[in-house]
2 protein chains.
Amino acid sequence: MNAPAGKMTMEQLVSLCKRRGFVFQSSEVYGGIGGFWDYGPLGVELKNNIKRAWWKATVQERTDVVGLDAAIIMNPRAWKASGHIDTFADPMVDCRSCKRRFRTDELPSPESRVCPECGGALTEPRMFNLMFKTFVGPVEDEASVAYLRPETAQGIFVNFDNVLTTTRKKLPFGIAQIGKAFRNEITPGNFIFRDREFEQMELEYFVLPGTDEEWHQRWIDERFNWWLSLGIRRENLHLREHSADELSHYSKRTVDIEYDFPFAGFSEIEGIANRTDFDLARHSEFSGRSLSYFDEPSGEHITPYVIEPSMGVDRCFLTVLIDSYAEEEVRGEKRVLMRLKSELAPVKVAVLPLSRNEKLLPTAERVWELLRPHFMTQFDDAQSIGRRYRRQDEIGTPLCVTVDFETLEDGAVTVRDRDSMEQMRVPVSGLLDALREKLPSL
Amino acid sequence: MNAPAGKMTMEQLVSLCKRRGFVFQSSEVYGGIGGFWDYGPLGVELKNNIKRAWWKATVQERTDVVGLDAAIIMNPRAWKASGHIDTFADPMVDCRSCKRRFRTDELPSPESRVCPECGGALTEPRMFNLMFKTFVGPVEDEASVAYLRPETAQGIFVNFDNVLTTTRKKLPFGIAQIGKAFRNEITPGNFIFRDREFEQMELEYFVLPGTDEEWHQRWIDERFNWWLSLGIRRENLHLREHSADELSHYSKRTVDIEYDFPFAGFSEIEGIANRTDFDLARHSEFSGRSLSYFDEPSGEHITPYVIEPSMGVDRCFLTVLIDSYAEEEVRGEKRVLMRLKSELAPVKVAVLPLSRNEKLLPTAERVWELLRPHFMTQFDDAQSIGRRYRRQDEIGTPLCVTVDFETLEDGAVTVRDRDSMEQMRVPVSGLLDALREKLPSL
């Protein structure tokens with residue numbers, strides 16, 4: 001019954017996102033701005049639910065992980081230590097005639113060294129740093145340069161000692177963070193798949209050296225299962241081991257979780273890296289402040305190894321939308337629906353009076369009022385009930401509550417399930433409990 | 001019994017925040033970076049709870065407001081239209097000798113025109129823009145300049161038409177947003193009271209012109225009550241009307257909600273402005289895209305007026321901490337506690353085995369496991385039970401669950417209330433329900 005993976009095209013996806021208020025082009029009235037996107041009324045709810053689901057699984061339900069929310073702008077010396085100032089760069093060439101700039105690996109024929117736009121001569125490749133630069137304070141000079149973080153991870157590493165001291169955690173333990181990161185990609189693209197402003201969910205999990213390989217494997221399994229728990233179909237997920245020559249400078253081993261995107265094939269949705277002691281050691285060296293851990297059993301100060309599961313909220317958002325999209329035939333008509341897990345659905349319950357009859361409306365509004373403090377709801381009284389069900393199906397609303405003329409007599413309403421389309425009659429007095437049972441909260 | 005308002009000093013506050021993991025100086029190991037702060041394990045929970053409380057009251061529970069999450073970096077033409085490029089600036093002077101830069105209104109004697117540092121001559125005042133500047137794309141030139149948003153509001157205005165089309169809302173209705181904003185303050189200070197990177201919660205509420213004054217007053221009342229609902233004491237809040245000469249360029253009338261900060265006296269925690277049709281009209285003019293509303297009753301296209309309640313999460317965070325801080329004398333000893341509303345408390349329940357006895361620990365861990373999926377919890381088995389209660393009091397944990405030797409016999413635990421310190425015995429089988437009743441979720 002479900003649409004097979006890959007059925008939804010990028011065009012359908014972008015159109016659905018815009019038409020229903022999931023994602024808009026940023027500053028669209030001004031022609032947009034490349035690589036930046038805004039989340040609309042439904043998008044912000046879905047995005048917040050994804051973040052809550054991750055936080056609940058990663059922080060709240062675990063005994064060994066605490067949260068953090070560090071600033072986007074950090075002391076720039078942190079980026080010297082992390083290696084980002086020196087190595088987070090793409091090679092670029094400039095055209096000596098038209099002054100346009102190109103990424104070397106995107107030139108049609110890199111060897112010919114001729115501008116693809118005007119035929120002019122190209123410069124030697126130079127490294128172009130992907131960090132957005134700004135200036136802090138009233139003077140724009142070298143001393144005031146700062147960067148928008150290209151990853152949230154470093155905010156965790158520099159706070160290692162603060163968190164250790166205030167929480168009294170013992171190894172192994174982790175610090176989790178959700179927040180914006182920025183990369184000045186030369187060629188952003190594929191909708192929100194590669195954007196310049198995005199949101200990361202990163203966990204830095206600190207372990208005793210020597211236990212790192214085992215913990216790495218445990219986190220690979222753990223994170224793979226988390227994607228399944230979101231409702232993503234197993235056949236659309238796989239693991240990919242980084243080859244030696246693509247490993248980051250800090251990594252001993254990295255495994256990506258990939259999703260089979262209809263427009264790009266299997267592509268990264270999460271990376272799980274063994275960052276070794278690289279970051280803590282570098283920050284200790286560059287700051288002169290020891291970021292070590294006193295290991296009681298051995299009586300020694302050690303620098304922990306770090307396992308890092310790192311993912312982007314925006315790419316997860318895409319994955320969830322694509323994977324839950326389904327088309328069915330119902331009584332000869334096409335039905336489009338999103339089989340979102342109810343925890344992720346932007347709207348949990350829609351309240352639908354059968355018609356705009358003056359007796360039905362006040363009753364329906366009272367039902368709505370009853371539910372609003374507990375669930376994200378919508379009220380819809382426009383057009384036929386069938387069309388309203390379809391509108392809710394399309395945005396993944398798990399339950400519709402219909403108020404009809406019988407309600408005025410028996411005080412009961414019809415609860416309709418999105419996936420099975422089964423309807424059941426529930427007294428308004430027991431409605432809240434009935435819905436709570438079907439809609440676990442995050 | 002409560003400490004009177006103003007009892008907590010800034011020094012105590014900063015020290016408590018650092019010691020217990022609420023707020024750390026950003027990049028502290030590198031000597032920090034002025035005006036940037038990181039939220040620690042407890043701080044991130046409190047901050048998230050404040051955001052949820054606002055979202056619930058402003059979006060979820062209302063019938064007339066939807067959410068949005070726009071990008072931090074927008075097309076720079078939006079800032080030309082909004083007036084920020086031309087007017088969001090402070091007057092500054094440079095010293096011709098030592099090259100230092102000063103804000104004119106902070107010079108000890110602005111008339112003397114002599115550098116307070118070296119005695120050199122000062123330049124004429126020039127306007128210094130408070131927006132952080134960056135460059136999007138591979139070339140750093142005038143055409144690629146972009147800004148970090150100094151307010152979230154403009155992301156709402158430029159999406160007015162997108163939201164209207166996708167939600168089919170009728171006036172009056174609002175669009176709410178939570179997100180980071182950045183201001184390159186010349187003199188950040190007072191901890192997180194005035195920082196350069198902060199988080200806003202803004203509502204733009206669109207109304208028919210002519211109904212704006214009435215709606216303005218309704219929102220002033222609504223927002224004042226929201227602060228009371230957070231648990232802030234009425235005597236520490238007041239309203240202040242902006243005088244004609246301090247009104248922003250877009251505002252017809254602005255009223256601030258102020259809080260009596262111990263270190264600064266009554267200071268702004270929220271501004272409620274009547275922005276008129278300034279923003280929508282300017283964006284229509286500058287973009288050439290009509291941001292109007294078709295009013296069915298009159299058959300006319302109109303530009304709505306906007307009422308804007310705008311507040312900062314970080315300042316709210318401070319207010320909540322200060323206002324809930326209390327010192328009591330209990331049996332001759334000082335008890336420090338935070339009387340946080342349970343919805344805001346970073347930790348909802350602490351599970352405390354009476355001792356580290358090998359029979360108690362597994363039982364206590366099972367109780368912890370039972371509660372973790374439902375509440376943010378802590379487990380603490382270090383030091384005496386009295387000290388552990390005090391530690392939880394100090395971070396505002398509403399309930400402690402103690403597992404003692406009797407538990408092994410009767411299957412019941414002791415639930416202790418933070419404020420009354422009353423204890424009651426609850427069977428583990430009914431614990432979840434008992435706690436749920438005392439801890440309403442957001």
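Yes or no, residue by residue, for (1) buried (at least 17 other Cβ atoms within 10 Å of the Cβ); (2) within 20 Å of A:L46 (Cβ to Cβ); (3) without any contact (Cβ under 8 Å) to a residue 40 or more places away in the chain:
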| residue | (1), (2), (3) |
| --- | --- |
| A:R372 | yes, yes, yes |
| A:F375 | yes, yes, no |
| A:A382 | no, no, yes |
| A:Q392 | yes, yes, no |
| A:G396 | yes, yes, no |
| A:F405 | no, no, no |
| A:T414 | yes, no, yes |
| A:Q423 | no, no, yes |
| A:P440 | no, yes, no |
Quick test of your reading of the structure: B:I269 fulfils all but one of (1) touching a strand residue (DSSP E or B) at 6+ places or on another chain (Cβ under 9 Å); (2) within 14 Å of chain A (Cβ to nearest Cβ); (3) among the hydrophobic types (A, V, I, L, M, F, W, C); (4) not in a helix (DSSP H, G or I). Name the failing condition by number. (2)
Which numbered condition B:W79 misses (of (1) within 22 Å of B:E185 (Cα to Cα); (2) at pLDDT below 95): (2)
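The rows are residues; the columns are (1) of a type in the set (A, V, I, L, M, F, W, C); (2) under 30 Å from A:F36 (Cβ atoms); (3) surrounded by 20 or more Cβ atoms within 10 Å (Cβ to Cβ).
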site	(1), (2), (3)
A:G299	no, no, no
A:G312	no, yes, yes
A:L318	yes, yes, yes
A:E343	no, yes, no
A:A350	yes, no, yes
A:R387	no, no, no
Look through B:A264, B:A273 and report the one residue that is open to solvent by 20 Å² or more (accessible area, probe 1.4 Å), of a type outside the set (F, W, Y) and in the same structural domain as B:A176 (by TED's automatic domain parsing). B:A264
Has region B:280-288 got at least one residue that is closer than 21 Å to B:G210 by Cα, assigned to a helix (DSSP H, G or I) and among the charged types (D, E, K, R)? yes
Does A:M92 qualify as being touching a helix residue (DSSP H, G or I) at 6+ places or on another chain (Cβ under 7 Å), modelled with pLDDT under 90 and within 11 Å of chain B (Cβ to nearest Cβ)? yes
Of all strands (runs of 3 or more DSSP E) completely enclosed by region B:147-251, which ones contain at least 3 residues that are in contact with a Pro (Cβ under 6 Å, 6 or more places away or on another chain)? B:197-207
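Look at A:D105 and say whether it is closer than 22 Å to B:V136 by Cα and within 11 Å of chain B (Cβ to nearest Cβ).
No, not satisfied.
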Of the criteria (1) among the small types (G, A, S); (2) more than 14 Å from chain B (Cβ to nearest Cβ); (3) open to solvent by 50 Å² or more (accessible area, probe 1.4 Å), which one A:G288 fails: (2)
Enumerate the helices (runs of 4 or more DSSP H) found wholly within region A:323-442, keeping only those where 2 or more residues are β-branched (V, I, T) and either under 29 Å from the mean Cα position of the chain (by Cα) or outside the structural domain of A:R20 (by TED's automatic domain parsing) (or both). A:360-371, A:385-395
Which pairs do you get when a residue that is facing chain B (nearest Cβ under 7 Å), found in region A:18-31, comes within reach of a residue that is open to solvent by 10 Å² or more (accessible area, probe 1.4 Å) and among the charged types (D, E, K, R), reach meaning Cβ atoms under 8 angstrom, with the pair 6+ apart or on two chains? A:R20/A:E394; A:F24/A:K18; A:S27/B:R77; A:V29/B:D161; A:V29/B:R289; A:Y30/B:R77
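Quick one: count up the residues across region B:138-150 that are open to solvent by 10 Å² or more (accessible area, probe 1.4 Å) and touching a helix residue (DSSP H, G or I) at 6+ places or on another chain (Cβ under 9 Å).
Count: 2.
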Leading residue by the ranking (farthest from B:N48 (Cα to Cα)) among those in region A:56-74 that are touching a residue at least 24 places away in the same chain (Cβ under 8 Å), in contact with a helix residue (DSSP H, G or I) (Cβ under 8 Å, 6 or more places away or on another chain) and within 8 Å of chain B (Cβ to nearest Cβ): A:M74
Given the conditions (1) part of a helix (DSSP H, G or I); (2) without any contact (Cβ under 8 Å) to a residue 24 or more places away in the chain, every one holds for B:T254 apart from (1)
Scan region B:34-46 for residues that are part of a loop (DSSP other than H, G, I, E, B) and on the phi < 0 side of the Ramachandran plot and jot them down. B:G34, B:F36, B:G40
If you take the residues in region A:301-310 that are of a type outside the set (F, W, Y) and outside any loop (DSSP other than H, G, I, E, B), which one is most open to solvent (accessible area, probe 1.4 Å)? A:H301
When the residues of region A:151-186 are filtered to those that are closer than 30 Å to A:Q60 by Cα and among the acidic types (D, E), which remaining residue is surrounded by the fewest Cβ atoms within 10 Å (Cβ to Cβ)? A:E151
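The values are calculated or read from the model by the stated rules, or taken from the named source; none is laboratory data. Just so we're clear, the structure is a prediction, and the values are computed from it rather than from any experiment. Here the Cβ is made from the backbone with ideal geometry for all residues, glycine too, and neighbour counts use every protein chain on show. Just the protein is used for accessible areas: all its heavy atoms, side chains included, with ligands, DNA and RNA removed. Shrake-Rupley method; radii C 1.70, N 1.55, O 1.52, S 1.80 Å.
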